[in-house]
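One structure is given here, and the rest of the page talks about it.
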Amino acid sequence: MPASSHPLAATPDAAAVLSKAVARAAERLGISRALLGKVLGVSAPTVTRLYSGQYTLDARRKEWEFALLFVRVFRSLDSIVGNEQAARQWLNSDNRGLNGRPVDLIRQTEGLVRVVHYLDASRGLV
């Protein structure tokens, strides 16, 4: 069977898809490239290459897991609040349930996981 007619031939590369998704989510949430680098645990030059398409996330590294969590934050916020402005406001506001501003918490692994769990629980109520 020729590669072009193979059912998986049109399947996009997972690394490229996640790399684009994390960059778009950061842009839509108003997350700076510097903060995205901290969230993913990568350097500023790596984030620049990620945005330009010269770098894709590596599924064998922690950056992959952090990117998946970050995209989950975006998707959860999108389903709960429905627009980017409200999502940005939520990220930058004090949250009693999380005991801090989500934008500050996501800088570290534990905080990112807490924000994801909080949003997952909130989505369950919607």
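The values are calculated or read from the model by the stated rules, or taken from the named source; none is laboratory data. Since this is a predicted model, take the numbers as computed values, not measurements. Glycine also receives a Cβ, built like all others from the backbone with ideal geometry; neighbour counts cover every protein chain displayed.
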Counted residues, the stretch 84-110 - those being in a helix (DSSP H, G or I), surrounded by 15 or more Cβ atoms within 10 Å (Cβ to Cβ) and in contact (Cβ under 8 Å) with a residue 12 or more places away in the chain:
7
Could you figure out which of (1) over 25 Å from Tyr118 (Cβ atoms); (2) of a type in the set (A, V, I, L, M); (3) part of a helix (DSSP H, G or I) isn't true of Ala59?
(3)
Quick check, is Leu35 out of contact with any Leu (no Cβ under 9 Å at 6 or more places or on another chain), in a helix (DSSP H, G or I) and buried (at least 17 other Cβ atoms within 10 Å of the Cβ)?
yes
Among Ser43, Ser5, the single one that is at pLDDT below 95, surrounded by fewer than 14 Cβ atoms within 10 Å (Cβ to Cβ) and of a type in the set (S, T, N, Q) is Ser5
Kindly indicate whether any position in the stretch 67-79 is assigned to a loop (DSSP other than H, G, I, E, B) and either of a type in the set (S, T, N, Q) or in contact with a helix residue (DSSP H, G or I) (Cβ under 8 Å, 6 or more places away or on another chain) (or both).
no
